[in-house]
Amino acid sequence: MNDVIAQLKNHRSIRKYTAQPVTREQIEDIVGAAQMASSSSNVQAFSVIAVTDQARKDKLEELCGHQSYIGECPVFLVWCGDLSRLKSAAERHLPEQETYEDTTENFIVATVDAALAAQNAAVAAESLGLGIVYIGGIRNRSEEVAELLDLPELAYPVFGMCVGYPDQEPGHRPRLPQQAVLHWNEYDRERSENGVEQYDEVMVKYLRERTGGVKDTPWSVLMAEKLAQPARLHMREFLRRRGFELK
Ligand SMILES: Cc1cc2nc3c(=O)[nH]c(=O)nc-3n(C[C@H](O)[C@H](O)[C@H](O)COP(=O)(O)O)c2cc1C
């Protein structure tokens, strides 16, 4: 195993930070690494808003479901899919022509670009000794987030990311056994199902240990319960208002 793989395998989300500041230069280095992620046809359809202003972080904490670490972290990054630059280019160079920025395909392209860039940033941040946690809660109240950050049309928040020096040492959260996710040459349903069974046992043990016996629900039960809850059903309408017909 080399150092990069060792660092990747050492990842755990950090939700408590020391008072040590994260410098502007560090954020610029981290975003520089993010920008070198592969990008579909080099469209680079993402933007990131680095929020350091305390009042804004506090507001975002509220909008993301009162997750206290958003207000507490020194820098909160909001990763956005962003097709506004492409649209501007089309308006400049092909003003007479119909364009297709608002398709489901371009929505996927922009979301994937944002995710790839963000994960590069996460890895870069961890290499500097920083800790991160992604915040999907940024989509709880997407409209208000877009307004607060003054996002242009065709830009939308995908997730947030708290960045700061770790003030906790959480254990690693076990992942599915590899047989559940890695298939050779064709999809093997049985291997996948057996993997989930094994993982349920691992996670029950992990949860019992981590919560002093308070929690012990198997992973597959948690996932079933999650799927049985409607989540963020406003997203389709929000995206439509951002300019995505999702044709
Ligand atoms: C897109 C995305 C959104 C997430 N949203 C949240 C969130 O809103 N709040 C939170 O505390 N953790 C959030 N997480 C962190 C996950 O819960 C965490 O990555 C997962 O449980 C695995 O744990 P680990 O990162 O410590 O290995 C999110 C992770 C991802 C990738």
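The values are calculated or read from the model by the stated rules, or taken from the named source; none is laboratory data. Since we're looking at a predicted model, the values are computed, not measured. All Cβ positions, glycine included, derive from the backbone under ideal geometry; neighbour counts span all protein chains shown. Heads up: the accessible areas ignore ligands, DNA and RNA and are worked out on the full protein's heavy atoms, side chains in. Shrake-Rupley method; radii C 1.70, N 1.55, O 1.52, S 1.80 Å.
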Which Cys in the chain stand alone, with every other cysteine's Cβ at 4.7 Å or more from theirs?
-> 64, 80
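Counting only other residues whose beta carbon sits under 9 Å from that of residue 220, what net charge do I get with K and R as +1, D and E as -1?
Result for the neighbourhood of residue 220: -2.
Net charge within 13 Å of residue 124 by Cβ-Cβ distance, Lys/Arg positive one each and Asp/Glu negative one each, not counting residue 124 itself?
With Lys, Arg at +1 and Asp, Glu at -1, the neighbours total -4.
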Between residue 65 and residues 5 or more places away or on another chain, the pairs with built amide H atoms under 5 Å apart involve none
In the stretch 103-247 the accessible area split gives carbon plus sulfur, as whole percent at 1.4 Å, a share of 52 percent
Taking Cα pairs closer than 8 Å and at least 6 residues apart, the relative contact order of the chain in percent is 26 percent
Area of residue 217 that stays accessible when all protein chains are in place (1.4 Å probe, Å², to 10) | 50 Å²
Enumerate the amide H contacts of residue 131 below 5 Å, restricted to partners 5 or more residues apart or on another chain; note that Pro and chain-start residues carry no placed amide H.
-> 164, 165
Considering only the other residues whose Cβ falls under 15 Å of the Cβ of residue 231, what net charge follows from Lys and Arg at +1 and Asp and Glu at -1?
-> +3
Excluding ligands, DNA and RNA, what is the solvent-accessible area per residue of the chain at a probe of 1.4 Å, expressed in Å²?
-> 60 Å²
Among the lysines, select those whose C-alpha is under 23 Å from the C-alpha of residue 215, and discard any that sit fewer than 8 residues away in the same chain.
-> 16, 205, 226
For the chain, the Cα gyration tensor yields equivalent-ellipsoid semi-axes (√(5λ), largest first, whole Å) of 32, 24, 20
Taking protein heavy atoms only, a 1.4 Å probe, and rounding to whole percent, the accessible area of the stretch 24-92 owed to carbon and sulfur comes out at 45 percent
May I ask you to list the lysines whose Cα is less than 22 Å away from that of residue 87, ignoring any residue fewer than eight positions away on the same chain?
-> 247
